[in-house]
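See below for the structure under consideration.
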Amino acid sequence: MQAVTVADDDTLVAGTGTPAMARTAAALVSLAPGERFAGRYEIQQQIGRGGMGAVYRVRDRQLDEVVALKLLTLESPRAQERFRSEVKLARRVTHPNVARTHDFGKHGSIPFLTMEYVPGTTLERLIEDQAPMPLRSLVDLGTQITAGLAAAHAAGVVHRDLKPANVLVGEKGRVVITDFGIARTLNQDSGTQPHEVMGTPHYMAPEQVLGRVADARSDLYAMGVILYEMATGALPFEGDSVLSVALARVQACPVDPRERHPIDDRLASLLMRCLAREPEGRWSAVTELQQALRALVGE
């Protein structure tokens, strides 16, 4: 039986040995508005918290600008290495639909990074409030996400944990991909131990569930789940536990989205192609998916 750890909110790490993230977590730092961190960052508001740490909106007093400050409070060498990797890989991608990562540092024993602050909400909250979404809205959001994803793939980076919570929607409609914490380069090994599973169960591609190498087509699968959720207000797979949700995609077919909500047949076909069990059955590149999305509205 595999050991399972939820490493960051619902991001799953599983392995046959000691889970990569299953180390004793440091006491989560709690910073109040007005406090300073590392002598430079004035805390304004906490905007997120997960199993690995917390994210704050802060003012960088040296540059006099508002940025997002992400703290890692999990005591694990591999967690810290992945945190550093997030900075390295995210900085390889320069695109309006990918959050800019500024810097990496360490204050005392706490590693931190700073990144662009995007005022607005997450796609996760938008789906909760608005799904099922009109086709036009789905295409507008989807083409921006795929544009950012295409830039990451062009830079040789696979996200591996694409999900609505990692997509920000700005107040003026700009969509931004964030959180490259378990990303990898296309030409490196998977970065996992044998039989280790990394990702978020609801959005993981079957090959990730099986502990195989994830490539650009794995991100396309996650994109398909996101679009499915936007179109129907539901997920293509269900389960009673973290593992059952993950394993469903290697043991069953996704529910036809037209059974969840009346949608265009062309959109349904697009979604089902993204959710093909084998990578070879999906789009070969995210740019092809982007073109197919635009074609739905005659662009």
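Scanning the range 232-246 for residues that are of a type in the set (A, V, I, L, M) and more than 29 Å from Asp265 (Cα to Cα) yields Val242, Leu243. Evaluate the range 107-124: report whether one residue or more is within 19 Å of Leu271 (Cβ to Cβ), open to solvent by less than 30 Å² (accessible area, probe 1.4 Å) and either among the acidic types (Asp, Glu) or in contact with a strand residue (DSSP E or B) (Cβ under 6 Å, 6 or more places away or on another chain) (or both). Within the range 107-124 (the criterion being within 19 Å of Leu271 (Cβ to Cβ), open to solvent by less than 30 Å² (accessible area, probe 1.4 Å) and either among the acidic types (Asp, Glu) or in contact with a strand residue (DSSP E or B) (Cβ under 6 Å, 6 or more places away or on another chain) (or both)), the answer is yes, since at least one residue qualifies. For the range 67-124: of the residues being out of contact with any helix residue (DSSP H, G or I) (no Cβ under 6 Å at 6 or more places or on another chain) and of a type in the set (S, T, N, Q), which is nearest to Gly53 (Cα to Cα)? By that ranking, first place goes to Thr73.
Can you pull out every residue in the range 256-274 that is open to solvent by 50 Å² or more (accessible area, probe 1.4 Å) and not in a helix (DSSP H, G or I)?
Of the range 256-274, the ones open to solvent by 50 Å² or more (accessible area, probe 1.4 Å) are 258-262, 264-266, 269, 272-273.
If the condition is that a residue be open to solvent by 50 Å² or more (accessible area, probe 1.4 Å) and not in a helix (DSSP H, G or I), then His261, Pro262, Asp264 are the ones that fit.
Of the candidates Pro77, Pro119, the single residue that is modelled with pLDDT of 90 or more and either closer than 27 Å to Ala155 by Cα or not β-branched (Val, Ile, Thr) (or both) is Pro119. Among the residues that make up the range 264-282, is at least one of them modelled with pLDDT under 95 and either touching a Lys or Arg at 6+ places or on another chain (Cβ under 7 Å) or within 15 Å of Tyr203 (Cα to Cα) (or both)? The answer is no, given that none of the residues of the range 264-282 is modelled with pLDDT under 95 and either touching a Lys or Arg at 6+ places or on another chain (Cβ under 7 Å) or within 15 Å of Tyr203 (Cα to Cα) (or both).
To keep it simple, each residue is scored yes or no on (1) touching a strand residue (DSSP E or B) at 6+ places or on another chain (Cβ under 6 Å); (2) part of a helix (DSSP H, G or I); (3) touching a residue at least 24 places away in the same chain (Cβ under 8 Å).
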{"site": "Tyr56", "(1), (2), (3)": "yes, no, yes"}
{"site": "Gln62", "(1), (2), (3)": "no, no, no"}
{"site": "Val66", "(1), (2), (3)": "yes, no, yes"}
{"site": "Asp103", "(1), (2), (3)": "yes, no, no"}
{"site": "Leu126", "(1), (2), (3)": "yes, yes, yes"}
{"site": "Asp129", "(1), (2), (3)": "no, yes, no"}
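The values are calculated or read from the model by the stated rules, or taken from the named source; none is laboratory data. Computed from a predicted structure; not experimentally measured. Backbone-built Cβ (ideal geometry, glycine too); neighbour counts: all protein chains shown. Note: areas computed on protein heavy atoms with side chains; ligands, DNA, RNA excluded. Shrake-Rupley method; radii C 1.70, N 1.55, O 1.52, S 1.80 Å.
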